[in-house]
Amino acid sequence: MHRFLRFAVLICWLSAGLCAPFARADEPTLGAGSRIDLLPVGSTAYRQVQVRSVNARTIVITYAGGMASIHLRDLSPEWQTRFHYDPTAEAAADQADRNAPPPVLQHAKPPGKKAASTFDTLLQSFGHPATVQPEVDLRPKFFELELGVKNQGHRPSCAVFAIVSALEFQNALLTGKVEKFSEEYLIWATRKTVQRLPAPGGAQAGAGEEEQDEGFALSEVVSALRAYGIPLQASMPNTFGKRIESISDPPPAVVQEARSHERVYIHEVPGRDGATRLNNIVQALNAGLPVPVGVNWPASRVFNGYLSTQKGAPDQGHAITLVGYKSPTGRIEDAYFIFKNSWGPTWGQGGYGTVTYGYLSNYLHEAVVLEVLGG
């Protein structure tokens with residue numbers, strides 16, 4: 001658990017598009033795949049933009065500071081023209097969504113190209129009303145893959161465990177191989193990236209002095225994963241008895257192994273408010289993707305693993321991995337979300353917990369999805 005001072009997610013560009021030219025002001029037509037040096041939207045300027053999808057209402061972009069879903073109606077007239085904005089088509093799309101929600105996305109299967117295509121489909125679904133299922137639960141697949149709940153111990157490393165949990169799951173589905181990755185290495189790499197130890201002061205609710213946990217932000221872990229990669233856990237086993245500052249530098253061969261693994265790209269789940277982000281989180285869960293999130297955590301211990309009416313402490317944050325949801329009424333507002341924690345299998349319900357839509361609406365800080373590509 002840690003204090004979230006700032007939640008910003010590093011978005012890494014797909015290597016296939018790095019050399020593509022940026023759009024010029026005199027180029028009239030833009031669409032998926034276009035790159036734009038500067039895209040003004042009201043008082044906000046998005047730089048180093050890549051357009052991921054375009055529909056009648058919105059564009060989804062990745063940019064230097066993250067990912068965003070932008071309404072075409074919010075663009076200036078000249079940019080609306082370049083994206084072929086038509087208010088009539090927008091109204092028709094709104095009506096179509098009200099009458100027939102978009103189909104449920106199916107989970108990606110290996111090999112890698114199909115997984116990437118499914119991920120692009122997910123990006124295009126962001127901003128559309130989600131189809132709320134009675135139940136989406138990835139836990140049986142986690143159990144089948146033997147990707148059990150881990151325990152971060154007394155280390156301030158919840159963000160590392162949340163990212164690795166999603167990575168192991170998606171890597172197994174992509175490659176057909178179950179591989180356990182080294183949180184130890186990623187903690188070391190995050191320290192190298194941010195050049196500091198986690199600050200003391202925050203504490204897992206009810207914990208003693210030795211359990212204080214004000215660790216790295218998800219954005220810092222993402223930066224380290226992109227910069228240093230990650231090896232198998234067998235190459236650098238977790239040593240929970242050591243403090244973070246006592247973790248030894250890995251041998252060069254382990255660093256080389258870490259850099260040789262598949263490429264991983266991290267995308268922030270877009271949304272200007274909690275309701276929009278939760279709608280997009282449901283889209284990701286429908287697609288079979290676990291979602292690491294950062295939330296404010298209650299000041300008192302949550303032994304039963306159920307977050308509902310508690311108040312999240314403003315100075316206490318925690319990273320968890322959402323792995324499903326249930327909605328008895330079919331309304332997103334009545335849903336409760338299932339999450340995988342990193343406090344061992346004796347916490348909550350076998351190491352898992354549940355959190356209501358209302359709690360997440362109030363205390364969700366960030367949410368990311370991983371795009372894992374082989375080769």
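Please treat every number below as a calculation from the coordinates, not as lab data. All figures in this text were calculated on a predicted structure; none of them were measured in a lab. Here the Cβ is made from the backbone with ideal geometry for all residues, glycine too, and neighbour counts use every protein chain on show.
General observations
- In terms of packing, defined here as the mean over residues of other Cβ atoms within 10 angstrom, the peptides 263-275, 33-45, 289-301, 154-166 line up highest first as 154-166, 289-301, 263-275, 33-45.
- Checking the Cα-Cα distances for LYS192/LYS340; LYS150/LYS311; LYS192/LYS311; LYS242/LYS326; LYS311/LYS340 against a 32 Å cut-off, the pairs over it are LYS192/LYS311; LYS242/LYS326.
- Check: segment 257-322 dipole with +1 on Lys, Arg Cβ and -1 on Asp, Glu Cβ, in debye: 120
- Full-extension gain in nm, LYS177 to PHE303, via 0.36 nm per residue minus C-alpha separation: 42.0 nm
- A cut-off under 15 angstrom between Cβ atoms defines the neighbours of LEU322, and their net charge, with Lys, Arg +1 and Asp, Glu -1, is +1.
- Between ASP137 and ARG259, the distance separating the two model label sites (each 7 Å from Cα on the Cα→Cβ line) works out to 4.4 nm.
- Subtracting the Cα-Cα distance of THR44 and ASP273 from their residue separation scaled by 0.36 nm leaves 80.8 nm.
- Of interest is the spacing of the C-alpha centroids, which for segment 332-370 and segment 226-284 amounts to 19 Å.
- Estimated FRET transfer efficiency when R0 is 25 angstrom, pair LEU145-VAL194 (beta carbons, to 0.05): 0.20
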